[in-house]
Amino acid sequence: SQQGEEDPQALSIQEGENATMNCSYKTSINNLQWYRQNSGRGLVHLILIRSNEREKHSGRLRVTLDTSKKSSSLLITASRAADTASYFCALSSNTGKLIFGQGTTLQVKP
Amino acid sequence: DAGVIQSPRHEVTEMGQEVTLRCKPISGHDYLFWYRQTMMRGLELLIYFNNNVPIDDSGMPEDRFSAKMPNASFSTLKIQPSEPRDSAVYFCASSFHWTAYPDTQYFGPGTRLTVL
């Protein structure tokens, strides 16, 4: 399958803790993207990392990409209750479309 | 820009009825995508367009589903006849590809469809 496999499926942490989500894949990619979805809303783009990049930061987000292991991780530091959402990785190849994973559901308890 | 606009936001219909979902992409975007999301199957790509031309409709589940993009600012997804298993949230997304590869997609708020 081209789909990204996300791990864990669900994560529950306390406010202030860090949250780490992982995405593994099997195909070659051009870039890998992470999206967030709040309950009842559309997906919102968080960050894009290209295949020739290893790490990228955006605010409290840190994304890493290891193309040799075909895996990526999303780290959210100092989590807040407002970070409660589902997080999806999406694979971009030469097909013109993104392939989304099943998502990780993050709950941040106040 | 107002972002991707979808209508209606909620639709409740009876089995056998025709349903039409509408989408207005972000101005200047050259790609438009239709997705369906359910708890069981997750987020599925149904069809996508490039410059108003359908490129890949392999995700369209059945002939009951059809999509059109008559111009750069409007697309429809039609289900005729609708069935209870079509109940889902349908998202439209648009993007602009600076290169040959998919870039950031901007999603609409979705249409929650319930078929009774």
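Please treat every number below as a calculation from the coordinates, not as lab data. The shown structure was predicted, so the numbers you read here are calculated from the model rather than taken from an experiment. Here Cβ is always computed from backbone atoms with ideal geometry, including for glycine, and neighbour counts include all displayed protein chains.
Observations on the structure shown:
- Placing unit charges on the Cβ atoms of the charged side chains and taking the dipole of the stretch A:1-73 about its Cα centre, the candidate lying farthest along the positive direction among A:ASN18, A:GLN37, A:ASN52 is A:ASN52.
- Near B:SER7: Cβ cut-off under 15 Å, other residues only, Lys/Arg at +1 and Asp/Glu at -1. The net charge is +4.
- Peptides B:5-16, A:86-97 ranked from most to least packed by the mean count of surrounding Cβ atoms within 10 Å: A:86-97, B:5-16.
- For a straight C-alpha distance cut-off of 20 angstrom, the lysines reachable from A:LYS69 (same-chain residues fewer than eight places away being disregarded) are A:LYS26, A:LYS56.
- Unit charges on C-beta of K, R, D, E only; dipole of chain B, Debye: 240 debye
- For B:LYS68, a cut-off of 16 angstrom between C-alpha atoms picks up these lysines, skipping any fewer than 8 places away in its own chain: B:LYS24, B:LYS78.
- Considering only B:THR20, B:THR38, B:THR76, the mean-square fluctuation computed in a Gaussian network model of chain B, springs between alpha carbons under 10 angstrom, is largest for B:THR38.
- Computed over the stretch A:11-85: relative contact order in percent, which uses C-alpha pairs under 8 Å that are six or more apart: 38 percent
- Percent of alpha-carbon pairs separated by more than 21 Å within chain A: 29 percent
- Estimated distance in nm for a label pair at B:MET15 and A:SER12, the labels positioned 7 Å out from Cα along Cα-to-Cβ: 3.7 nm
- Averaging the sequence gap over all C-alpha pairs within less than 8 Å and six or more residues apart, then dividing by the number of residues, gives the stretch B:16-116 a relative contact order of 32 percent.
- Cross-link partners of A:LYS70 among aspartates and glutamates, defined as those whose alpha carbon lies under 15 angstrom from its own and excluding same-chain residues fewer than eight positions apart: A:GLU5, A:GLU6, A:ASP7, A:GLU53, A:GLU55.
- Scattering from chain B was approximated by placing one identical point on each alpha carbon and applying the Debye formula without solvent; log10 I(q)/I(0) at 0.16 1/Å stands at -0.68.
- Rounded to the nearest 20, the Cβ-based charge dipole of chain A about its Cα centre (Lys and Arg +1, Asp and Glu -1) stands at 240 debye.
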